[in-house]
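Notes follow the structure.
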Amino acid sequence: MKIISKELTDIFQNLVDNLFSDKELKPVEITVATNENFGDYQCNFAMINSKIIGDNPRKIAEEIKAKFPYGEIVEKLEVAGPGFINIFLTDKYISDSIKKIGEAYDFSFLNRKGKVIIDFSSPNIAKRMHIGHLRSTIIGDSIKRILQFLGFHTLADNHIGDWGTQFGKLIVAYKNWLDKKAYEKDPIGELEKIYVKFSDEAKINPALEDEAREELKKLQLGDENNQKLWKEFIDISLKEYNKVYDRLNVNFDYYFGESFYNDMMPSVLEELKQKGIAKEDQGALVVFFENNRLPPAIVQKKDGSFLYTTSDLATMKFRKDDLKVDEAVYLTDDRQQNHFKQVFEIGRMLGEPYNYKKTHIVFGIMRFGNGIIFSSRSGNTIRLVDLLDEAKAQVKKVIDEKNPDIPEDEKDKIAEIVGSGAIKYFDLSQNRTSDITFTWDKVLSFEGNTGPYLQYTYVRIMSIFRKLKEENIEVKNNDVILDDMNGIERELAVELLRFPQAVVKAYENYRPNIIADYLFDTAKLFNNFYNSSSILKEEDKKVMDARILLARKTAFVLKEGLSLLGINTVNRM
Ligand code: ARG
């Protein structure tokens, strides 16, 4: 099914290409009308092209209006303000399109050639995943789902931090303070504990830092015992991470951590030297940037060891040479902006095979408001599992009150979906680049732009269908008359048709919150419709059928939209 904004764009583009064939025009853009008085869609073509065409925008708009090929899709145009064109769709087109919801959308106008790798989550080993990784995980997963929905070939890569100075420290800590019993019972907890212990002890006794460096060196040189411990730490951590990924319903195609690139780094370094990009500076190898636009990047330390930058360069090369990607997208918080600017710039300097399209998607920090428990044991970080457990428990309480008759195991499943969905939705509905403050009120409220509100709207629709079944009311599918909708119905219908456009916009800006905003608007319109129109009690069967169809399509769009945010729906709660 063709998406409306695209269909309208094509008609307008065709027309203006003919009308102004001798001009180098800026392309037609169709946007959703900002207000129902302005029609269903709007076009600002006349305004952005008036200089080029050399005429007054209102006159251009009037000309377009006069020559427009009205027909199946567009009912009328109106020229407004300084030269906007307001577009009104025909009811017939709206109703035909509504019936088609559920068919695959045609996104072939997007350039979808090649593979996109999405580098997200990427926690550092031997620590429990903390809240900073929550955002990378949730936003990265949503971007992956959006790309897949649009027909891109995606690869999801968890670039685990499994190499680096923390391992020297951990090995020293392991040898000195490990509580064997505790380690057997709760391995990741014990690793965290001794890691914190190391930091505390090293403050008093700096010689420990030297010991840690020694152990790290041994590990890097392949010392058997240290290698064995290192692998053990990785195993333990991955097991822990996978529990969280399972609960969040997040999957990866690869877990190529930093250590995977160890053997590839020397040749990258060689290349940097050969091409004169890295220079020696006080014993280290450093890349300086033109006009010092970026701070210098160290690619090899004095002691010969490699750095985060070097490993990311090797990663870039591997992804092109071996995984054959055409594009890479990275998700981390905004503190890594400079790192990625440096790495991308060095990639550009190196040329093939490093210089393909790369995007660093940043997000702000998540802070915690009142009532959030910190885990003191792991150094004042918030553990993801604790958050998920708490959300689940709170949702469970609501279900116990509202719907005590649901069997316990189903309640449990619902609470898990709605609870983790609430956390995800809270994150994804925010402007990605802002810092956000997490409070249970905001996450779990059943009102406003929240996960539970959307879930509840969906559940409401499901209950209509349950009642229809209980009362044996026959429901028609597509042979329903939808053309004489009232204002509220029409508004909801037009909104439903805007879904694919919201997805495209979310993709173009890498902002899942555009989908969240869309879903919230849709849910509000549905609830407005639900509160003002009778459905099950409607006497006119034709009107009833039309309303049922709208409800069904709303449920479809909500479910599909939420799935792009990585959120499942439930049928009751
Ligand atoms: N492990 C890093 C961290 O926790 C994030 C890695 C991001 N990906 C990358 N290719 N550098 O901060």
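In the list K301, K231, which residue meets the criterion of being at pLDDT 95 or above, within 18 Å of Q220 (Cα to Cα) and away from the ligand (no atom under 16 Å from the Cβ)? If you could, list the steps in order and put the result at the bottom.
Working: K301 fails: at pLDDT 95 or above.
The unique qualifying residue is K231.
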Listed by first then second residue, the pairs whose first member lies in region 1-25 and is over 23 Å from S97 (Cα atoms), whose partner is among the polar types (S, T, N, Q), with beta carbons under 9 Å and at least 6 positions apart or on separate chains, are V16/N49; F20/N49; K23/N49; L25/Q13; L25/N49
Counting only residues that are open to solvent by 50 Å² or more (accessible area, probe 1.4 Å) and within 15 Å of the ligand (Cβ to nearest atom), which one in region 304-323 is nearest to K357 (Cα to Cα)? K320
Pull up region 324-345, narrow it to residues that are of a type in the set (K, R) and touching a residue at least 24 places away in the same chain (Cβ under 8 Å), then point me to the one that is farthest from the ligand (Cβ to nearest atom). K324
L525 fails exactly one of the following numbered conditions: (1) closer than 19 Å to I461 by Cα; (2) open to solvent by less than 20 Å² (accessible area, probe 1.4 Å). What is the number of that condition? (2)
Those residues of region 86-105 which are touching a Phe, Trp or Tyr at 6+ places or on another chain (Cβ under 7 Å) and on the phi < 0 side of the Ramachandran plot amount to N86, I87, I101
If G351 passes every condition in (1) modelled with pLDDT of 95 or more; (2) more than 15 Å from the ligand (Cβ to nearest atom); (3) over 28 Å from Y507 (Cα atoms); (4) among the small types (G, A, S) but one, which one does it miss? (3)
Given S108, S122, S142, which one is within 27 Å of the chain's Cα centre (by Cα), away from the ligand (no atom under 16 Å from the Cβ), more than 30 Å from N486 (Cβ to Cβ) and open to solvent by 10 Å² or more (accessible area, probe 1.4 Å)? S108
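Of these, R367, R335, R319, which one is over 30 Å from R572 (Cβ atoms) and at pLDDT 95 or above? Walk me through it before giving the result.
Details: R367 fails: at pLDDT 95 or above; R335 fails: at pLDDT 95 or above.
The match here is R319.
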Kindly evaluate Y261 against the criterion of being in contact (Cβ under 8 Å) with a residue 12 or more places away in the chain, of a type outside the set (G, A, S), open to solvent by less than 50 Å² (accessible area, probe 1.4 Å) and within 16 Å of the ligand (Cβ to nearest atom). yes
K279 vs (1) open to solvent by 10 Å² or more (accessible area, probe 1.4 Å); (2) within 28 Å of Q166 (Cβ to Cβ); (3) away from the ligand (no atom under 16 Å from the Cβ): all pass except (2)
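Collect the residues in region 440-451 that are within 19 Å of the chain's Cα centre (by Cα), part of a helix (DSSP H, G or I) and not small (G, A, S), keeping them in residue-number order. Step through it out loud before you land on a result.
Restricting attention to region 440-451, the residues satisfying the condition of being within 19 Å of the chain's Cα centre (by Cα) are 443, 449-451.
With the extra rule that they be part of a helix (DSSP H, G or I), the set shrinks to 443, 451.
Correct list: V443 only.
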Is there a residue in region 173-183 that is modelled with pLDDT of 95 or more, under 13 Å from F233 (Cβ atoms), buried (at least 23 other Cβ atoms within 10 Å of the Cβ) and away from the ligand (no atom under 16 Å from the Cβ)? yes
Within region 361-381, is even one residue in contact with a helix residue (DSSP H, G or I) (Cβ under 9 Å, 6 or more places away or on another chain), within 16 Å of the ligand (Cβ to nearest atom), touching a residue at least 40 places away in the same chain (Cβ under 8 Å) and closer than 30 Å to D263 by Cα? yes
Odd one out for K505 among (1) surrounded by fewer than 22 Cβ atoms within 10 Å (Cβ to Cβ); (2) over 22 Å from the mean Cα position of the chain (by Cα): (2)
As an exercise: evaluate K357 against (1) within 11 Å of the ligand (Cβ to nearest atom); (2) free of Cβ contacts under 8 Å to residues at least 40 places away in the same chain; (3) open to solvent by 30 Å² or more (accessible area, probe 1.4 Å) and give the number of the one condition it does not meet. (1)
Taking region 288-303, which residues are β-branched (V, I, T) and open to solvent by 10 Å² or more (accessible area, probe 1.4 Å)? I298
Select from region 241-258 the residues that are within 15 Å of the ligand (Cβ to nearest atom), assigned to a helix (DSSP H, G or I) and within 22 Å of E190 (Cβ to Cβ) and list them in ascending order. Y241, V244
In region 536-566, what count of residues is obtained for those that are outside any helix (DSSP H, G or I) and either open to solvent by 10 Å² or more (accessible area, probe 1.4 Å) or not hydrophobic (A, V, I, L, M, F, W, C) (or both)? 6
Here is a list: D405, D409, D427, D441. Which entry is open to solvent by less than 10 Å² (accessible area, probe 1.4 Å) and charged (D, E, K, R)? D427
Is it the case that region 154-166 has a residue that's among the small types (G, A, S) and away from the ligand (no atom under 16 Å from the Cβ)? no
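The values are calculated or read from the model by the stated rules, or taken from the named source; none is laboratory data. Keep in mind it's a predicted model, so treat the numbers as computed, not measured. Positions of Cβ are backbone-derived with ideal geometry, glycine not excepted, and every protein chain shown enters the neighbour counts. Calculation scope for accessible area: heavy atoms of the full protein, side chains included, ligands and nucleic acids excluded. Shrake-Rupley method; radii C 1.70, N 1.55, O 1.52, S 1.80 Å.
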